[in-house]
1. Calculated FRET efficiency, Tyr191 and Leu131, Cβ-Cβ r, R0 25 Å, to nearest 0.05?
2. Where in the chain are the DSSP H helices whose C-alpha atoms run 27 Å or more along the long axis and whose mean Kyte hydropathy is at least 1.6?
3. Rounded to whole Å and ordered largest first, report the semi-axes of the equivalent ellipsoid of the chain derived from its Cα gyration tensor (root of 5λ).
4. Return a whole-number percent for the relative contact order of the chain, with Cα pairs under 8 Å and 6 or more residues apart as the contact set.
5. Tell me the carbon and sulfur percent of the accessible area for the chain, rounded to whole percent, probe radius 1.4 Å.
6. Show that you can apply the helix-only estimate: for the chain, add -39,500 (n - 2.57) for every DSSP H stretch of four or more residues, divide by all residues, and state [θ] at 222 nm to the nearest 500.
7. Skip the ligands, DNA and RNA, and give the accessible area per residue of the stretch 237-289 with a 1.4 Å probe, whole Å².
8. Work from the charge dipole of the stretch 233-324 (Cβ charges, +1 for Lys and Arg, -1 for Asp and Glu, about the Cα centre) and give the residue of Ile237, Thr310, Ala283 farthest towards its positive end.
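The values are calculated or read from the model by the stated rules, or taken from the named source; none is laboratory data. Keep in mind that what you see is a predicted model, and the values were worked out from it rather than measured. Ideal geometry is used to build each Cβ from the backbone, glycine not excepted, and the neighbour counts take in all protein chains shown. In case anyone asks, the SASA skips ligands and DNA or RNA and just uses the protein heavy atoms, side chains included. Shrake-Rupley method; radii C 1.70, N 1.55, O 1.52, S 1.80 Å.
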Amino acid sequence: MTQPVSSAQQSGPDKGAAPVSVPASPKKDGSPRAFGLRADVRNLSLLGVLAALIVVGGITEPDAFLDTGNLQLILTQSSVIGVVTVGMTFVIISGGIDLSVGAMVALASVWATTLATQDFGFAGILFTAVLVGLGAGLVNGVLIAYGRLVPFIATLAMLASARGLALHITDGKTQIVTVKSVLDLGLPDAYVLGIPPLVMMFAVVTVVGWLVLNRTTFGRRTVAVGGNAEAARLAGIDVRRQRLYLYLLSGLCCGIAAFMLIILSGSGQNTNGNLYELDAIAAAIIGGTLLTGGRGTIVGSVLGVLVFTTITNIFALNNLQTDVQQIAKGAIIVAAVLVQRRTSAHGET
């Protein structure tokens with residue numbers, strides 16, 4: 001199934017070339033409508049898994065798990081990693097990967113909580129966190145899009161550098177936030193329109209992410225680049241610029257998540273965001289985002305975040321050791337990838 005290339009997409013280096021058509025769905029198998037139906041079925045399955053986990057948590061730790069405070073904690077923790085996952089979903093759909101998200105969150109949070117920054121109050125902390133996230137994302141994007149580095153290598157280098165810089169800034173110490181307007185948002189009884197502020201921020205990022213992916217040219221170009229970069233280039237899409245924008249988007253999400261983490265913890269630490277890359281990638285692929293690019297949904301990733309956070313919460317309530325939790329998470333990721341490969345082999349993704 002093909003569709004004509006729009007004039008807006010013919011602004012790249014091959015503008016004067018003969019018109020070409022690109023697959024409406026950039027993957028070789030299945031139509032967009034069929035993929036949408038499968039995505040709906042997958043999302044319904046994830047809702048079933050989430051319901052089953054709630055039952056398991058209620059049976060194993062009925063008093064602790066079903067406590068209102070614990071359920072709100074799950075939503076709050078899901079909110080921070082969820083914002084990171086929205087950015088990660090865009091990157092993976094484009095065929096890339098970002099291993100530096102956790103380190104970018106750490107760097108943005110410690111830079112935004114220096115005493116000099118706190119002198120500018122709420123706006124100073126928020127602006128600094130977002131700016132640092134964008135800066136780190138820009139470096140990733142330039143290295144990958146124009147330096148032609150493999151995303152795995154470029155973001156791995158950013159991971160190491162950002163962690164080191166965060167450690168240098170803090171000297172290994174926790175930076176306490178003293179801005180009352182920021183701390184007030186993290187209070188247990190803080191609500192915006194009846195919803196905890198962090199959950200509200202996650203909801204806004206999710207809705208914006210869904211709209212951008214499904215209702216804009218930017219979203220369609222992201223899917224096209226991930227499905228077949230060469231076909232996208234021949235269709236007039238500036239693939240390098242698109243990739244630059246995608247890593248900028250990932251950095252922006254990390255900056256927002258850093259601000260949310262500052263609200264949640266009331267501090268900035270060089271260990272913030274530890275293993276976020278693992279959780280974000282796992283949530284995205286559990287939600288149906290194809291690791292090889294070309295397909296994925298924001299709704300699926302959000303459900304993946306909720307499933308993954310609920311599993312982690314059940315593990316913690318049942319006093320599973322941290323190493324056991326990490327092993328279990330690794331096993332879940334491997335299982336999700338194997339399921340993807342199996343369904344891909346049968347043309348079902």
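1. 0.30
2. 121-145, 298-317
3. For the chain, the semi-axes come out at 33, 26, 17 Å.
4. Dividing the mean separation by the residue count of the chain yields 33 percent.
5. Its accessible area is 66 percent carbon and sulfur atoms.
6. After summing the helix terms and dividing by residue count, I get -23500 deg cm²/dmol.
7. Result: 27 Å² per residue.
8. The Cα lying farthest towards the positive end belongs to Ile237.
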